[in-house]
Each structure stands twice: as C-alpha cells, then as structure tokens.
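To start, the structure under review is shown below, and the notes come after it.
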Amino acid sequence: MKITDLFNQFIFDLDGVVYVGNKITPSADDVIRAIRNKGKRVSFITNNPTRSRTEYRRKLNDLNIDAVEEDITTSCNAVHHYLAKKYRDIKYRSVYVIGSDYLKTEVARTGAKIAREVKSHTADIVVAGGHNKFNYDELKNASLAIQNGAFFLVTNKDSSYPSIEGLLPGTGAIVSSIEKASGKTARVAGKPEKYIFDICIRTDKGKTVIIGDNLYTDIKGGKNAGIKTVLTLTGFTKQKDTESNKIKPDYIINDLSGLLK
C-alpha cells in the first residue's frame with residue numbers, strides 16, 4: 001500500500017524536503033499535487049525563523065506549489081503560542097528579542113513589550129532565533145538578562161540547515177553561545193517539541209504524518225507529537241546516518257516520489 005493511502009494529513013518540512021535553497025527537490029510539486037488530488041490535507045512546517053508565512057507562501061508558489069498562509073507553521077508562530085499560553089499577563093512582560101523582524105512581530109503580537117537594548121538587561125523574557133546579523137552586543141545583552149532571571153525561549157536548536165553550498169550554521173549555533181555565556185539552558189518552541197505540532201495538526205493523530213529530512217527535529221518531533229514519520233534523504237540526513245541512530249523513522253524514502261510507491 002502506498003504511503004499516501006495511509007494518512008489524511010501530510011505535514012512537509014520545507015528546507016531539505018520540498019526544496020534546497022531555491023531549487024525544488026525531485027518531483028516535490030507533482031507529489032504534493034497528487035496528494036491534494038486524493039482529497040488529503042497538505043501542511044508545511046519549518047524551524048527556519050527568518051521568513052514570514054507570507055514569504056514562504058510566495059516561495060512555494062514560485063516553485064509551482066500551491067500554498068496558503070493558514071497551512072504554513074513556523075517556529076516564530078510556535079514562539080507566539082508558547083508565550084501566550086505560558087504568560088496570562090504577557091502584556092505586562094518585557095521581551096528582549098534576537099532575530100528577524102518577523103520573529104519580533106510575532107512576539108509583539110502577543111501584546112508583550114519589546115525591550116530596547118538599553119533596557120535589555122531587565123527584560124522578563126529573552127527570545128532568540130537565527131539571523132545573519134547576530135553580534136556580540138546581542139550575545140552580551142541576552143546573557144546578562146538571563147543571568148538576571150529572564151526566561152530563555154528559542155525558536156529552535158538546529159545546528160545547521162541544508163543549502164546548495166552545503167550545511168550552513170543554524171539557530172542552534174547562536175543559542176549555544178548564549179547558553180554558554182549565561183550558564184542557562186534554553187526552552188524550545190519549535191521542532192522537536194510538540195508545541196509547534198499542536199498548531200498544525202488538523203486531523204486525527206493516527207492519520208497524520210510528517211515528512212522531514214532531519215532525525216533530531218522532524219522525526220523526533222513527530223514522535224514527540226504522537227504522529228507517524230517519513231524520512232526523506234534529500235536534505236540533512238543520509239542513509240548511513242540512520243543505521244546506528246536510536247531515532248528510527250517509520251518510513252525512509254529517497255525523495256518525495258517515494259510517497260506514491
């Protein structure tokens with residue numbers, strides 16, 4: 001029986017699964033279209049905190065993949081939901097944010113006050129996500145705030161992500177430096193934690209599957225969320241990496257065309 005016959009909702013990771021850089025992976029557009037033609041729900045999930053759902057929709061559309069923003073869940077969305085759930089008094093809390101403008105927007109949407117750098121040391125919460133302008137002052141400000149008692153939340157801890165150049169440093173590299181400087185361990189809102197999956201799962205968990213390229217985020221995350229998992233070998237993880245790893249996907253495919261076989 002084909003994998004596409006077993007589930008009602010298919011959650012696709014983006015980087016390394018649907019595309020690598022600006023290049024679509026083999027058959028991704030045709031496979032996603034075929035799944036939708038079967039009346040199945042298609043959703044997208046990503047730990048990448050640098051783009052908005054609007055930007056991801058446009059990128060998918062440019063790759064000939066239909067997408068609406070409501071079907072795209074990012075780690076920035078997960079941060080928003082995490083903070084709103086944890087803090088009933090969030091509008092009275094100040095948050096020092098390291099990351100993209102989109103991450104800052106998602107934090108601001110909770111009603112929290114965004115702490116300026118001059119007041120960052122007294123922030124109640126530090127939120128961090130990867131961005132290419134990370135600098136020493138951000139490291140210093142975050143470290144001091146956390147040492148002063150601020151709650152430390154991050155979008156994800158991915159050490160790297162696939163690109164056409166190879167594996168590039170991810171949010172985890174930034175998070176590690178802040179953890180080392182502050183002596184505190186961050187809480188994670190994105191994969192592999194279940195918070196991000198709670199946002200995007202719309203059907204019975206027994207009929208939901210995630211298709212990912214990373215054992216430690218996608219596959220472990222799917223298991224934490226109580227759904228089935230498919231590992232595709234088009235991105236971060238290669239076949240040899242699965243042989244001795246304790247994290248075992250339910251299915252392994254070479255590329256997305258394997259979902260139809």
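Listed values, structure above:
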read-out: Of all residues in region 5-33 being surrounded by fewer than 17 Cβ atoms within 10 Å (Cβ to Cβ) and in contact with a helix residue (DSSP H, G or I) (Cβ under 6 Å, 6 or more places away or on another chain), the one that is nearest to Asn214 (Cα to Cα); value: Ser27
read-out: Yes/no for Thr203 being farther than 24 Å from Pro49 by Cβ and not aromatic (Phe, Trp, Tyr); value: yes
read-out: Residue satisfying all of: in region 87-112; hydroxyl-bearing (Ser, Thr, Tyr) and outside any helix (DSSP H, G or I); surrounded by the most Cβ atoms within 10 Å (Cβ to Cβ) among these; value: Tyr96
read-out: Identity of the residue in region 63-86, touching a residue at least 12 places away in the same chain (Cβ under 8 Å) and assigned to a loop (DSSP other than H, G, I, E, B), that ends up nearest to the chain's Cα centre (by Cα); value: Ala67
read-out: Only one of Thr229, Thr237, Thr203 that is at pLDDT 95 or above and not in a helix (DSSP H, G or I); value: Thr229
read-out: Restricting region 113-156 to residues that are out of contact with any Phe, Trp or Tyr (no Cβ under 8 Å at 6 or more places or on another chain) and crowded, with 24+ Cβ neighbours inside 10 Å, the residue that is modelled with the lowest pLDDT; value: Gly130
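The values are calculated or read from the model by the stated rules, or taken from the named source; none is laboratory data. All values reported here derive from a predicted model rather than from experimental measurement. As a convention, Cβ positions derive from the backbone with ideal geometry for all residues, glycine included, and neighbour counts pool all protein chains shown.
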